[in-house]
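K.L.:
Let me begin by handing over the structure; questions about it come next.
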Amino acid sequence: MPRRPDLTPAERAGRAFLAASVIGALNTANARQPLKRTGRGGLFAFFPGWLTSEAPLHAIFWQVLATLGFARRGAFRSRRGLVGLVVSLGSWTVLTQIWKQSKGAGQIFDAALREGLGDELDAGSSPMSSEDDVEAVAHRLPAEPMVLSPRRLISGPASMRHRRYQTNRSISYGGAGRRNQLDIWKRPDLPATAKAPVLVQVHGGGWVIGNKEQQALPLLTHMAESGWVCVSINYRLSPKATWPDHIVDVKRALAWVKANIAEYGGDPDFVCITGGSAGGHLSSLAALSPNEPEFQPGFEEADTSVRAAVPFYGVYDMINRDGTGSADMEGMLAKVVFKSKRRDAPSVWEQASTMSWVGPHAPPFFVIHGANDTLVPVEQARSFVSMLRAESKHPVAYAELPGTQHAFEVFDSPRTIYSTGAVHRFLEAVRVREGHTTNV
């Protein structure tokens, strides 16, 4: 738009500042409550909402810098500039509220663990072989609250601390090249005889993108630092891969871990699994379908069972049986992942649904989801948890985080830091419950 010749430089700066303030306020509003929850609107609402809701103080910082720049241009000598300042101050107030809400995640996780585990969270109740065993393991339950380190929070998305425990990279576990590779995360001082508990991480990306070095880095770092051996895996991706290639690879990786992790100080008898989004789907499905022959072609006899599962913001149903899923996902799945429509291959779609495998055999689960998730509706997580609690013989913990988008724990933020501590506490409680000790 051409400049109006009758506007002074201060008035032009004020108009530009007002426009920038309104855009910033809309972004803040979207972070607090997504402007759209479904469809393409929900997809577009995701990225700015995710970044701003996890780093609201960073958003304030950059907006303040921009405001100072407009002030130097004389924006506040115009009426529009002053209106823009009022809008910005309101936006910063809401961003501060978002920050305070994110700091409350620790209490939400604590309540979720106490509801799901009860006294086991503190004492690690039986079955155990003896009281001595209980005492030997119970003291290892992480009881101290997680600390919100200013340095970690300031570095946020730019943090480089999450690579130091990647001790063995790109190890082949199958024949699909780099898509069948995994990384080992562990402390350098962990002895080969440690028999440390093991956590396998499955990345997300809608079954079509992503790799083992992009997600859950804060969690892997925390667990490795705490004496666990972690394994992050790649798997074949669509459209080149067709279901069930994805879950077959996850199972193949689990079989590799059971057969080889002792060489790296891990305990093959205590392997847990986690993952986010599509990784939440694959990790939960793997946990509920141990040793399923259809998912283990050519290695049917391998043990692929896990001791516990911690899916983040996962997809738990492909057929949307109770209406809690995203109807927009079906077209993509049919065209890219399954290469078949649901009505033409209903058994395949149902077999791929985690909900189809829920039963008394389910291992302990800790399900985590954000209430503001615009990619995978939180309602599906609630439904999945209800099914698990109705049928499983083992603990089921559920943390639903208000004001939280999809992929919230990718980089350091209050929710990320608290989630790593909560996952650690849950898995240690399961380990105590089952009587597993470590030589570390």
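The values are calculated or read from the model by the stated rules, or taken from the named source; none is laboratory data. This structure is a prediction, so every number in the text was calculated from the model and none was measured. Note that we place each Cβ from the backbone using ideal geometry, even for glycine, and neighbour counts take in every protein chain shown.
K.L.:
When only residues in segment 160-218 that are in contact with a His (Cβ under 8 Å, 6 or more places away or on another chain) and of a type in the set (Gly, Ala, Ser) count, which is surrounded by the fewest Cβ atoms within 10 Å (Cβ to Cβ)?
P.N.:
Taking segment 160-218 first, the residues in contact with a His (Cβ under 8 Å, 6 or more places away or on another chain) are 197, 207, 210-212, 214-218.
Applying the additional criterion that residues be of a type in the set (Gly, Ala, Ser) yields 210, 216.
On the way: GLY210: 20, ALA216: 30.
In this case the residue turns out to be GLY210.
K.L.:
Same structure, new question: Among what's in segment 1-32 and is closer than 21 Å to THR416 by Cβ and not β-branched (Val, Ile, Thr), pick the residue that is surrounded by the most Cβ atoms within 10 Å (Cβ to Cβ). Explain how you work it out, then say what you get.
P.N.:
Going residue by residue through segment 1-32, those that are closer than 21 Å to THR416 by Cβ are 27-28, 30-32.
Checking the rest, the ones that are also not β-branched (Val, Ile, Thr) come to 27, 30-32.
Numbers: ASN27: 19, ASN30: 23, ALA31: 27, ARG32: 18.
Filtering segment 1-32 for residues that are closer than 21 Å to THR416 by Cβ and not β-branched (Val, Ile, Thr), the one surrounded by the most Cβ atoms within 10 Å (Cβ to Cβ) comes out as ALA31.
K.L.:
Here is a list of conditions, (1) over 27 Å from LEU237 (Cα atoms); (2) at pLDDT 80 or above, and PRO145 meets all of them except one; can you say which number that is?
P.N.:
Result: PRO145 passes all but (2).
K.L.:
Oh, and also: Answer with yes or no whether ALA327 is within 27 Å of LEU401 (Cβ to Cβ), exposed (fewer than 15 other Cβ atoms within 10 Å of the Cβ) and out of contact with any His (no Cβ under 9 Å at 6 or more places or on another chain). Step through it out loud before you land on a result.
P.N.:
Details: within 27 Å of LEU401 (Cβ to Cβ): yes; exposed (fewer than 15 other Cβ atoms within 10 Å of the Cβ): yes; out of contact with any His (no Cβ under 9 Å at 6 or more places or on another chain): yes.
It is true that ALA327 is within 27 Å of LEU401 (Cβ to Cβ), exposed (fewer than 15 other Cβ atoms within 10 Å of the Cβ) and out of contact with any His (no Cβ under 9 Å at 6 or more places or on another chain).
K.L.:
A further question follows. Do you know which residues across segment 42-65 are in contact (Cβ under 8 Å) with a residue 60 or more places away in the chain, farther than 17 Å from GLN97 by Cα and not aliphatic (A, V, I, L, M)?
P.N.:
GLY42, PHE46 - these are the residues of segment 42-65 that are in contact (Cβ under 8 Å) with a residue 60 or more places away in the chain, farther than 17 Å from GLN97 by Cα and not aliphatic (A, V, I, L, M).
K.L.:
Which of the residues belonging to segment 329-360 are among the acidic types (Asp, Glu) and over 20 Å from GLN380 (Cα atoms)?
P.N.:
Within segment 329-360, the first condition is being among the acidic types (Asp, Glu), and the residues that meet it are 330, 344, 350.
Within segment 329-360, ASP344 is the sole residue that qualifies.
One line per residue, one yes/no per condition, for (1) over 29 Å from PHE408 (Cβ atoms); (2) in contact with a Phe, Trp or Tyr (Cβ under 8 Å, 6 or more places away or on another chain); (3) modelled with pLDDT of 90 or more:
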position	(1), (2), (3)
GLY156	no, yes, no
MET160	no, no, no
ASN168	no, yes, yes
SER172	yes, no, yes
GLY177	yes, no, yes
ILE184	no, yes, yes
ASP189	yes, no, yes
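K.L.:
Within segment 228-281, take every residue that is outside any loop (DSSP other than H, G, I, E, B) and among the charged types (D, E, K, R) and give me the one that is surrounded by the fewest Cβ atoms within 10 Å (Cβ to Cβ). Write out each step before concluding.
P.N.:
Start the filter on segment 228-281 by keeping residues that are outside any loop (DSSP other than H, G, I, E, B), which leaves 229-233, 245-264, 266-276, 278-281.
Okay, now just the ones that are also among the charged types (D, E, K, R), so 245, 249, 251-252, 258, 263, 267, 269.
Working: ASP245: 18, ASP249: 24, LYS251: 25, ARG252: 24, LYS258: 19, GLU263: 10, ASP267: 21, ASP269: 14.
Result: GLU263.
Condition check ((1) assigned to a helix (DSSP H, G or I); (2) at pLDDT below 95; (3) outside the structural domain of LEU18 (by TED's automatic domain parsing)) across all residues:
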residue: GLN97; (1), (2), (3): yes, no, no
residue: ALA112; (1), (2), (3): yes, no, yes
residue: SER126; (1), (2), (3): no, yes, yes
residue: GLU135; (1), (2), (3): yes, yes, yes
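K.L.:
Report yes if VAL410 is without any contact (Cβ under 8 Å) to a residue 60 or more places away in the chain, surrounded by fewer than 22 Cβ atoms within 10 Å (Cβ to Cβ) and β-branched (Val, Ile, Thr), otherwise no.
P.N.:
Details: without any contact (Cβ under 8 Å) to a residue 60 or more places away in the chain: no; surrounded by fewer than 22 Cβ atoms within 10 Å (Cβ to Cβ): yes; β-branched (Val, Ile, Thr): yes.
For VAL410, the condition - without any contact (Cβ under 8 Å) to a residue 60 or more places away in the chain, surrounded by fewer than 22 Cβ atoms within 10 Å (Cβ to Cβ) and β-branched (Val, Ile, Thr) - is not met.
K.L.:
Can you confirm whether segment 378-398 contains a residue that is of a type in the set (A, V, I, L, M, F, W, C), modelled with pLDDT of 95 or more and assigned to a loop (DSSP other than H, G, I, E, B)?
P.N.:
In the first step, residues of segment 378-398 are kept if they are of a type in the set (A, V, I, L, M, F, W, C); the result is 378, 381, 384-385, 387-388, 390, 396-397.
Next, from what is left, pick out any that are modelled with pLDDT of 95 or more: 378, 381, 384-385, 387-388, 390, 396-397.
Checking which are assigned to a loop (DSSP other than H, G, I, E, B) leaves us with none.
The answer is no, given that none of the residues of segment 378-398 is of a type in the set (A, V, I, L, M, F, W, C), modelled with pLDDT of 95 or more and assigned to a loop (DSSP other than H, G, I, E, B).
K.L.:
Which is at pLDDT 95 or above, buried (at least 24 other Cβ atoms within 10 Å of the Cβ) and either not aliphatic (A, V, I, L, M) or not assigned by TED's automatic domain parsing to the domain that holds CYS272 (or both), of THR404, THR420? Steps first, answer last, please.
P.N.:
Values: THR420 fails: buried (at least 24 other Cβ atoms within 10 Å of the Cβ).
On inspection, the qualifying residue turns out to be THR404.
K.L.:
Name the one entry in MET355, MET318 that is free of Cβ contacts under 8 Å to residues at least 40 places away in the same chain, touching a helix residue (DSSP H, G or I) at 6+ places or on another chain (Cβ under 9 Å) and within 20 Å of ALA390 (Cβ to Cβ). It would help to see each step written out before you state the result.
P.N.:
Details: MET318 fails: within 20 Å of ALA390 (Cβ to Cβ).
Checking each option against the conditions leaves just MET355.
K.L.:
Among (1) outside any loop (DSSP other than H, G, I, E, B); (2) within 27 Å of ALA407 (Cα to Cα), there is one condition GLY69 misses while meeting the rest; what is its number?
P.N.:
(2)
K.L.:
Let me ask you something else. Out of curiosity, is LEU219 assigned to a strand (DSSP E or B), hydrophobic (A, V, I, L, M, F, W, C), closer than 26 Å to TYR418 by Cα and within 15 Å of the chain's Cα centre (by Cα)?
P.N.:
On the way: assigned to a strand (DSSP E or B): no; hydrophobic (A, V, I, L, M, F, W, C): yes; closer than 26 Å to TYR418 by Cα: yes; within 15 Å of the chain's Cα centre (by Cα): yes.
For LEU219, the condition - assigned to a strand (DSSP E or B), hydrophobic (A, V, I, L, M, F, W, C), closer than 26 Å to TYR418 by Cα and within 15 Å of the chain's Cα centre (by Cα) - is not met.
K.L.:
Show the residue pairs meeting these rules: Cβ distance below 8 Å; 6+ apart or different chains; first residue within segment 241-269 and farther than 13 Å from ILE184 by Cα; second residue of a type in the set (S, T, N, Q) and modelled with pLDDT under 95.
P.N.:
These pairs meet every condition: ASP267/THR438.
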